[in-house]
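First comes the structure, then the notes that go with it.
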Amino acid sequence: MVGKKRVAVIGAGMTLFRRNLKETGKELAWHASKMALDQAGLELNDMQSVVMGTAPDAFDGVHMKGEYLADGAGAWRKPYSRVFVGGGTGVFAIDAGWWHVASGQFDTCLVVAEEKMSSCYPHPAYAFTTIFDPIYSRPLGVTLIWIFALEMHRYMHRHGIKKEEIALVSVKNKRNALDHPCAQLGANITVEDVLNSEIMCWPVQRLDISPTSDGAAALVLASEDVAKKLTDNPVWIDGTGWCIDTTFWTNRDLYYPRYVQCAAQMAYKMAGIKNPPKEIDVAEVYDPFDYKELHHMEGLMLARKGQAPKLTADGVTQRDGDLPINPSGGLLGVGNPIAAAGLMKCCEIFWQLRGEAGKRQVKGDPRTGLAQAWGDLMQYGSVVIMRS
Amino acid sequence: MATEKITDIRHMLHWPGHMETDYIYTQGIAGEKFFSEIKENEKIYGGRCNHCGQVFVPPRLYCERCFRKIAEWRNLGSKGVVYTFTVVYIDIDGAKLDEPIMYALITFDGAEGGLIHRLGEIKPHEVQIGMPVEAVFRPQAERTGSINDIRYFKPQS
Ligand SMILES: [Zn+2]
């Protein structure tokens with residue numbers, strides 16, 4: 001173990017994910033936090049520290065969003081910090097919560113993630129236009145989707161991957177989401193539906209993409225001493241990792257997410273994992289676009305480079321397969337309130353390892369799970385490994 | 001909590017807000033070199049780190065790996081290769097464009113990285129990854145020292 005103390009997750013909560021929720025961002029954060037505390041059997045007074053993960057200020061439209069959301073995250077008169085690494089924020093938030101407790105500074109930490117993208121009207125696509133380099137990229141009118149399209153195309157070209165192989169991810173995740181009570185876009189669709197959906201920026205089509213969403217998620221972390229007093233069923237955080245690649249988008253290996261590999265190696269080393277596909281029982285892999293699930297499986301070394309489409313076609317990544325990927329339904333199915341979507345993945349792994357995932361429960365008795373997110377300007381990897 | 005499927009948030013009680021801020025971004029030390037060479041000489045420059053030997057385009061003031069100052073500029077000409085591309089069919093509001101726009105990442109021989117830019121004088125179905133292209137510059141009088149001083153990249157003649 002790297003840390004001084006072993007850290008457990010003892011409670012999880014999340015709101016519905018929807019395109020437009022009536023609740024304010026604070027109210028969403030409070031719903032998720034209260035649910036996580038209730039599951040842990042704790043009160044806010046029991047929380048010694050709070051970590052809030054939330055992505056660009058421009059979504060909620062409050063230009064100091066960490067402060068604005070603090071009360072909903074239970075931060076009143078507590079050591080509090082906001083963490084923000086773009087789309088990687090949700091999983092980085094649990095990594096940050098882990099070091100709060102592992103360091104020995106706190107026995108408990110409430111980790112909360114929130115996004116209310118609907119405030120950005122008429123569409124949060126406008127907020128995304130200002131995340132890019134102001135000198136080299138923005139004068140060209142860059143949008144988020146065409147940047148992804150460039151990456152997706154390079155990935156397909158490098159390995160000779162077809163659109164229909166990638167579409168299987170969208171089909172799988174939207175179907176998985178039918179069993180998630182909070183899901184926004186659970187559906188039974190076919191590969192043909194994806195291939196016939198509107199072409200946005202070739203090769204990206206409408207059904208290759210996750211939606212924009214409002215939502216929040218939360219976890220309660222505790223030191224080993226505290227966790228063992230409160231539950232017979234703690235889930236341990238055994239690996240954490242995070243890494244950023246060059247800020248120059250144009251200087252990355254677009255076909256392979258090296259930053260995810262670095263983050264995964266850090267987490268695997270800490271958890272003592274030598275053979276990830278054999279040792280990981282269930283994984284929540286960041287899937288804002290269908291190709292990203294495949295891309296990230298390869299970066300996580302759960303599949304060899306260019307081999308993730310084959311595992312998907314063979315059914316290995318289905319909920320009843322040998323390596324279930326995104327049993328929750330992922331961002332494509334459950335929804336994508338950026339930071340909250342990453343923490344939703346951590347909630348899912350927690351529920352899977354406790355055997356509490358209901359209709360989404362993967363087969364066997366999963367003992368080791370992984371959640372991963374990806375963010376900033378498409379170059380940030382964050383990973384957590386949990387064991388029951 | 002609210003579970004109804006609301007399609008327009010304006011149907012809830014709300015306050016319509018606005019975050020208005022304008023900015024002026026300086027191009028920096030390396031940026032001024034890069035854009036001056038485009039504006040004056042129709043040349044794309046990279047910067048070479050004398051410690052690791054890597055040539056970066058766009059150029060930088062410092063090597064992010066060695067963390068040393070980059071003082072050597074490299075003329076990369078105006079010709080490159082399509083590393084990847086997309087064909088954009090919709091605008092930011094999701095409305096269909098009259099004509100699709102092609103964007104590519106262009107890489108340059110002997111340098112790491114590249115430029116994102118438009119492609120022109122070619123149809124979407126004709127573009128291929130690996131295709132040699134060259135920059136088409138605006139007339140000198142119209143250049144302002146920005147990335148748009150390059151109108152687009154076209155197939156090499
Ligand atoms: Zn160097």
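The values are calculated or read from the model by the stated rules, or taken from the named source; none is laboratory data. Everything numeric here is computed off the predicted structure, so don't read it as measured data. Note: ideal-geometry Cβ built from the backbone for every residue, glycine included; neighbour counts use all protein chains shown. In case anyone asks, the SASA skips ligands and DNA or RNA and just uses the protein heavy atoms, side chains included. Shrake-Rupley method; radii C 1.70, N 1.55, O 1.52, S 1.80 Å.
Remarks
- Residue-normalised accessible area of segment B:1-114, expressed per residue, 1.4 Å probe, Å²: 61
- In this simple spin-label model, placing a label point 7 Å from the Cα along the Cα-to-Cβ direction at both A:GLU164 and B:ARG151 gives a separation of 4.1 nm.
- Derived scalar couplings ³J(HN,Hα) [segment A:171-182; Karplus, 6.51 cos²θ - 1.76 cosθ + 1.60; whole Hz; x for Gly, Pro]: 4, 4, 5, 5, 5, 4, 5, 4, 9, 9, x, 9
- Rounded to the nearest 20 debye, the dipole magnitude of segment B:9-155 is 460 debye, with +1 charges on Lys and Arg beta carbons, -1 on Asp and Glu beta carbons, and the Cα centre as origin.
- Nonlocal amide H pairs with A:VAL235, under 5 Å, H built at 1.01 Å: A:VAL9
- Segment B:18-28 - phi-based ³J(HN,Hα) in whole Hz, Karplus 6.51/-1.76/1.60, Gly and Pro as x: 8, 10, 9, 8, 10, 9, 10, 9, 6, 7, x
- Segment B:9-155, accessible surface, carbon-and-sulfur percent (1.4 angstrom probe): 49
- The A-B contact accounts for approximately 4200 Å² of buried accessible area, totalled over both chains at a 1.4 Å probe radius.
- The ellipsoid equivalent to the alpha-carbon distribution of segment A:203-261 has semi-axes of 36, 20, 10 angstrom, derived from the gyration tensor eigenvalues as √(5λ) and listed largest first.
- Averaged over the residues of peptide A:57-66, the number of Cβ atoms from other protein chains lying within 10 Å of each residue's Cβ is 1.
- When each of A:LYS269/A:LYS305; A:LYS4/A:LYS363; A:LYS4/A:LYS229; B:LYS43/B:LYS69 is checked by Cα-Cα distance, pairs over 27 Å: A:LYS4/A:LYS363
- From the largest down, segment A:130-277 spans 55, 39, 33 angstrom on the principal axes of its Cα atoms.
- Straight Cα distances below 15 angstrom link B:LYS39 to the aspartates and glutamates B:GLU142, B:ASP149, with same-chain residues fewer than 8 positions distant left out.
- Nonlocal amide H pairs with A:PHE106, under 5 Å, H built at 1.01 Å: none
- Gained length - A:ASP71 relative to A:ARG304, 0.36 nm times residue gap less alpha-carbon distance: 79.4 nm
- Comparing A:ARG304, A:ARG18, A:ARG360 in a Gaussian network model of chain A where C-alpha atoms under 10 Å apart are linked, the largest mean-square fluctuation is found at A:ARG304.
- Per the Cα gyration tensor, chain A maps to an equivalent ellipsoid with semi-axes of 30, 24, 19 Å, ordered largest to smallest.
- With pairing defined as another cysteine C-beta under 4.7 Å, the cysteines of chain A that fail it are A:CYS109, A:CYS120, A:CYS182, A:CYS201, A:CYS346, A:CYS347.
- Whole-number accessible area per residue in Å² for chain A, which is evaluated in the context of all protein chains at 1.4 Å: 33
- In segment B:51-157, the trypsin sites (Lys or Arg not before Pro) that fall in loop regions by DSSP, at most 16 other Cβ within 10 Å: B:ARG65, B:ARG68
- Taking amide H positions as modeled 1.01 Å from N, with prolines and chain starts lacking one, no residue 5 or more places away or on another chain lies under 5 Å from A:VAL62.
- Normalising the Debye intensity of segment B:9-155 to I(0), with uniform scatterers on Cα atoms only, and taking log10 at q = 0.15, 0.21 Å⁻¹ returns -0.86, -1.27.
- Within the protein assembly as shown: Cβ-based charge dipole about Cα centre, in debye rounded to nearest 20 (Lys, Arg +1; Asp, Glu -1): 1040
- Loop-located GluC sites (Glu not before Pro) in segment B:1-93 whose Cβ has at most 15 other Cβ within 10 Å (DSSP): B:GLU4, B:GLU20, B:GLU64
- Helical contribution to [θ] at 222 nm, DSSP H n ≥ 4, -39,500 (n - 2.57), averaged over chain B, rounded to 500: -3000 deg cm²/dmol
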